[in-house]
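Working notes, structure below.
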Ligand SMILES: [Zn+2]
Ligand SMILES: [Zn+2]
């Protein structure tokens, strides 16, 4: 598949998209009603496909794959084990799915791949293999810590310790929270991630995630346990925000699963010979490449406000280098 209409490759085999990274119009000032509507309902846009996918997934997970609240009033190994198993299965389906499609079956070759090289055996990784090492951190600590936060909140809802609302009592708030969760996710991720770049925490924890200079899907949740504890702590906000467990599951499953897409290392997913879909997290790819830019993912312009935005253009690159020189002067 030819990806030259969307970007170009430099002499060292680095492919970059033509379009600079933008934030969309959610926070544009003055407001742009037309652009806002187009962004909200368009494809790809705010709703479609990903926020709808995660909302539907939360509905299914709550209805089919979570025990009734009554059962979760007391902590017992039975239902906790079930939630752990369902999260392991979800992780295999999502991280494994992206990995099989793009890296094992290589269904689109290196088309739209930011780094044209495939990962090589590398001694810095456990088992000498980046993917196995990443799977280890995801399954041995990522999924259990995600599950622990979820179990804590479910138990709290069941015992009246987290403020619970229902659709029947608060239909507007109930629906509105679905629209808010993606923002909570992004703002929470930004602050957790900023914290992890404080030098002491970076050294003990976040450095492990950053060994993935050329990331793949399984890099997403490959973190030190300390980072998992900080990263998933956004879930605790539901001790303060009146909500239904479905909203908490919506946030928890995004935190648990979205990093797969955030680290594919591909800009677009090929859909046949001439069609493709934007799956880009180029901002986060640049974060893995340069470490000091793009702490957030790109709907809320936090990096722009706090001076760490890199939109992929040569100008942004010069600005990053100038900031580096200022710091070392
Ligand atoms: Zn990352
Ligand atoms: Zn980082």
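The values are calculated or read from the model by the stated rules, or taken from the named source; none is laboratory data. A quick note: this is a predicted structure, and the numbers were derived from the prediction, not measured. Note: ideal-geometry Cβ built from the backbone for every residue, glycine included; neighbour counts use all protein chains shown.
On inspection, residue 213 qualifies as closer than 21 Å to residue 309 by Cβ and assigned to a loop (DSSP other than H, G, I, E, B). When 60, 53, 64 are screened for being surrounded by fewer than 16 Cβ atoms within 10 Å (Cβ to Cβ), within 27 Å of residue 89 (Cα to Cα) and within 16 Å of the chain's Cα centre (by Cα), only 53 passes. Any idea which residue in the stretch 1-48 is nearest to residue 119 (Cα to Cα), counting only those that are in contact (Cβ under 8 Å) with a residue 24 or more places away in the chain and not in a loop (DSSP other than H, G, I, E, B)? Once the filter is applied, the top-ranked residue is 14.
So is residue 222 in contact with a strand residue (DSSP E or B) (Cβ under 8 Å, 6 or more places away or on another chain) and either within 16 Å of ligand 2 (Cβ to nearest atom) or in a loop (DSSP other than H, G, I, E, B) (or both) or not? Against the criterion (in contact with a strand residue (DSSP E or B) (Cβ under 8 Å, 6 or more places away or on another chain) and either within 16 Å of ligand 2 (Cβ to nearest atom) or in a loop (DSSP other than H, G, I, E, B) (or both)), residue 222 does not qualify.
Collect the residues in the stretch 192-217 that are more than 12 Å from ligand 1 (Cβ to nearest atom), free of Cβ contacts under 8 Å to residues at least 24 places away in the same chain and crowded, with 16+ Cβ neighbours inside 10 Å, keeping them in residue-number order. Scanning the stretch 192-217 gives a single hit, 202. Set side by side, the residues 255, 269, 302 differ, and just one is under 30 Å from residue 125 (Cβ atoms) and crowded, with 22+ Cβ neighbours inside 10 Å, which is 255. Quick one: in the stretch 282-308, of everything that is away from ligand 2 (no atom under 13 Å from the Cβ) and under 24 Å from residue 98 (Cα atoms), which residue is modelled with the highest pLDDT? Selected residue: 282.
Among the residues of the stretch 258-281, those identified as at pLDDT 95 or above and within 14 Å of ligand 1 (Cβ to nearest atom) are 258, 259, 260, 261, 262, 263, 264, 265.
Inside the stretch 172-191, residues that are within 11 Å of residue 234 (Cβ to Cβ) and either within 16 Å of ligand 1 (Cβ to nearest atom) or over 15 Å from the mean Cα position of the chain (by Cα) (or both) make up a count of 6.
Do we find a residue being farther than 30 Å from residue 164 by Cα and in contact with a helix residue (DSSP H, G or I) (Cβ under 9 Å, 6 or more places away or on another chain) anywhere in the stretch 54-75? First the steps, then the outcome.
Let us first name the residues in the stretch 54-75 that are farther than 30 Å from residue 164 by Cα, namely none.
No, that holds for no residue.
Residue count for the stretch 180-210 under the criterion of being farther than 16 Å from residue 258 by Cα, out of contact with any helix residue (DSSP H, G or I) (no Cβ under 8 Å at 6 or more places or on another chain) and assigned to a helix (DSSP H, G or I): the result is 7. For residue 162, the criteria (1) out of contact with any strand residue (DSSP E or B) (no Cβ under 7 Å at 6 or more places or on another chain); (2) surrounded by 13 or more Cβ atoms within 10 Å (Cβ to Cβ); (3) in a helix (DSSP H, G or I) hold in every case but one, which is (3).
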